[in-house]
Amino acid sequence: MKFKLLGVQITISFYFVALLIVLMALDSSRLILSALVAALLHEAGHFAVMLCCKQLPQSLALYPFGMKIVKPNNAVLSYQKEILIYLGGPLTNLACFFLLSLLPGGAASPSAAAHLALCLFNLLPIGALDGGMIADQFLHRFLSEKAANAASAALSALCILPVGLLAVWMVFEEHGNFSLLLTVLYLAVLLVCKQRT
């Protein structure tokens, strides 16, 4: 499905809708729905900061495992604005966590936990995550292109390792919870593919 909103081409993948329907049908605890709402608000946070920076994206696409925001070809932003845009998602999740903490159920509610987990996970300095993009911006500001790319890859690999070990532990401890392990494998594949290009 494609449409325009504020002059931005929006694409919603069939697979995104299909996955959403399946997850909502299988999710009796509403935990997946809470995580999905947290993810959508996270991406809306990025979009809101882009609007505040007067930098409308060229297009925005929702896929089963994330969202892709394409900046206009002529987009030139300062390091500070780039970092603000990357922080928009995690800070939105953090604000939602604090607001939900004030409601009955507090910080222990599934919705609050989903927002906090998404905020903290996305701030990890790993490749495609917001924290990785922020680290990449800092490194490129102070190092040569080659040195910054090497340092960014090393930092990502260094952070993927303990998260990967945690994911393996969770598979055995949580009786087959593969969600974090699949996410770590996806991030590792992205990192390897980036290094080969």
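The values are calculated or read from the model by the stated rules, or taken from the named source; none is laboratory data. Given the structure is predicted, the values throughout are model-derived calculations rather than measurements. Because the Cβ atoms are built from the backbone with ideal geometry, glycine has one as well, and the counts that use them run over all protein chains shown.
Here are the numbers for the structure shown:
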item: One residue from 139, 185 being on the phi < 0 side of the Ramachandran plot and either buried (at least 19 other Cβ atoms within 10 Å of the Cβ) or hydroxyl-bearing (Ser, Thr, Tyr) (or both); result: 139
item: Residue that is farthest from residue 138 (Cα to Cα) [pool: residues in the stretch 74-103 that are of a type in the set (Gly, Ala, Ser) and in a helix (DSSP H, G or I)]; result: 101
item: Residue match in the stretch 9-25 (condition: more than 25 Å from residue 183 (Cα to Cα), outside any helix (DSSP H, G or I) and either out of contact with any Leu (no Cβ under 8 Å at 6 or more places or on another chain) or of a type in the set (S, T, N, Q) (or both)); result: yes
item: Set 116, 103: member being outside the structural domain of residue 187 (by TED's automatic domain parsing) and closer than 27 Å to residue 157 by Cβ; result: 116
item: Qualifying residue in the stretch 129-138 (condition: small (Gly, Ala, Ser), more than 21 Å from residue 40 (Cα to Cα), touching a Gly at 6+ places or on another chain (Cβ under 6 Å) and modelled with pLDDT of 90 or more); result: no
item: Enumeration of residues in the stretch 104-113 that are part of a helix (DSSP H, G or I) and more than 23 Å from residue 47 (Cα to Cα); result: 106, 107, 108, 110
item: Unmet criterion (only one of (1) within 23 Å of residue 108 (Cβ to Cβ); (2) exposed (fewer than 12 other Cβ atoms within 10 Å of the Cβ)) for residue 18; result: (1)
